[in-house]
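A.B. asks: Here it is, the structure, as structure tokens.
Just so it is clear, none of the values below were taken in a lab; they were calculated from the coordinates. The model shown is predicted, which means the values in this text are computed figures rather than measured ones. Note: ideal-geometry Cβ built from the backbone for every residue, glycine included; neighbour counts use all protein chains shown.
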Amino acid sequence: MTETDEILYEVKDPGIAWLTFNRPEARNAMTFGMYDRLGEICRSINQDDSVKAVVLRGAGDKAFVSGTDISQFRGFSTAQHSIDYEARMDRVFDALEDVRVPTVAAIQGACTGGGAGIAAACDLRVGAPSAKFGFPIARTLGNTLSTRPRSSAWRAPRTSSCWRGSWTPRRCAPSGS
């Protein structure tokens, strides 16, 4: 499967672009090529006046995006590899945040790590009852997330009891709802 097959992109009438992360056998885990392709698509949308909105979704029902495919990190042997990875993530998330039309993350299943970062960079996140969010990167890889402020900061509600680990929409409903 190529990066072109791993991210499907089409514009349907009336100008709704559909971007599908297409690795359901890997819970839509992202390869570095997929991240690069996502950035390319986002930049191309800004040149296409026919696009009125973009919906991002995961293939299958198990995950929106379960993060970066851990096999992508096997070749890391220096601190520079980690710095380059974070720079790639910044470029991709910036491209997604800079899309000129509304972006919607349609989330079902796992939305973790880099997938949660993608969702956070969208203008709107819509979660199915099966949606489960988490940032396990520090526990699994010893890595840290970029600390550069983002314009679309995404946080659990302040009155939520879901400050650590993964959470689901039902478990993290604001107090009193």
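A.B. asks: Restricted to region 43-59, and to residues that are touching a strand residue (DSSP E or B) at 6+ places or on another chain (Cβ under 8 Å) and not in a strand (DSSP E or B), which residue is surrounded by the fewest Cβ atoms within 10 Å (Cβ to Cβ)?
C.D. replies: The selected residue is 50.
A.B. asks: Considering only region 27-42, state which residues are of a type in the set (Gly, Ala, Ser) and either more than 13 Å from the chain's Cα centre (by Cα) or part of a helix (DSSP H, G or I) (or both).
C.D. replies: 33, 39
A.B. asks: While we're on this one: Taking region 15-42 on its own, how many of its residues are surrounded by fewer than 20 Cβ atoms within 10 Å (Cβ to Cβ), of a type in the set (Phe, Trp, Tyr) and touching a residue at least 40 places away in the same chain (Cβ under 8 Å)?
C.D. replies: Residues flagged as surrounded by fewer than 20 Cβ atoms within 10 Å (Cβ to Cβ), of a type in the set (Phe, Trp, Tyr) and touching a residue at least 40 places away in the same chain (Cβ under 8 Å) within region 15-42 amount to 1.
A.B. asks: Suppose we filter 101, 65, 55 for residues that are more than 24 Å from residue 136 (Cβ to Cβ) and within 13 Å of the chain's Cα centre (by Cα); which single one remains?
C.D. replies: The conditions single out 55.
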